[in-house]
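Below you'll find the structure, written out as structure tokens, and then a few comments.
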């Protein structure tokens, strides 16, 4: 009789544990879904009307003077480059009026990455678990490294890797070369304008990797050394090599079961 009661007690305990796990999982999924909906609502609030009435997206067509290396990397010439990509424009001024800690908006066409970017130099990880409005959030909000500013050589942006595919989870897909070819451009909108960045390196690193110590360089030699490092550690060759003077955009997120593992997607401003 005692053995039977003991068995029933064990089964009851396990049933309660399983029930609590199920409730926790369902609760988390509901939370992630609601937080995703909040960001989508925010995107709608600050969306700007496009100038092209035939499509749903605005075209970036910005002339830039770039130093373009020839095939032997010995002769360089300046030329006007017109780069065209598509993005949905957002009112950065309105975002900043809603929250002065907003730095801009980042998006990658065809992915779930479409979020505001926060910047709090005096409190570096404030938005690790806060939404755009500063309230607690399981997903957090992408944020710019506290050491970075608009004119930094390397803008480092952090975002969570959420199980439901939101935030920066899609960065892991860049480990597949075909995904890179289909999503080669990152658009970063700030109060200084909207700019297109071309992905040039995808790296698997640890959280203490040297790349995180790179925000600003003063010499061409130092810049080229950093770029060489990124190219060497890249999972594959993108065929793109940044030239001294071009700004770098680094997107960082975790992956796998080791809390120190990171995926970095590096892009250079066109």
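The numbers here are math on the coordinates, done by the rules we state, and not lab data. Remember, predicted model here, so these are calculated numbers, not experimental data. Positions of Cβ are backbone-derived with ideal geometry, glycine not excepted, and every protein chain shown enters the neighbour counts.
Points worth noting:
- Packing-based order for 199-210, 156-167, using average beta carbon neighbours within 10 Å, highest first: 156-167, 199-210
- Were the residues from residue 125 through residue 260 laid out at 0.36 nm apart, the gain over their Cα-Cα distance would be 47.0 nm.
- Net length gained if the chain between residue 31 and residue 163 were fully extended (0.36 nm per residue, minus Cα distance): 46.3 nm
- Coarse-grained scattering of region 152-263 at q = 0.12, 0.22, 0.23 Å⁻¹, given as base-10 log I(q)/I(0) from a Debye sum over alpha-carbon atoms: -0.42, -1.47, -1.58
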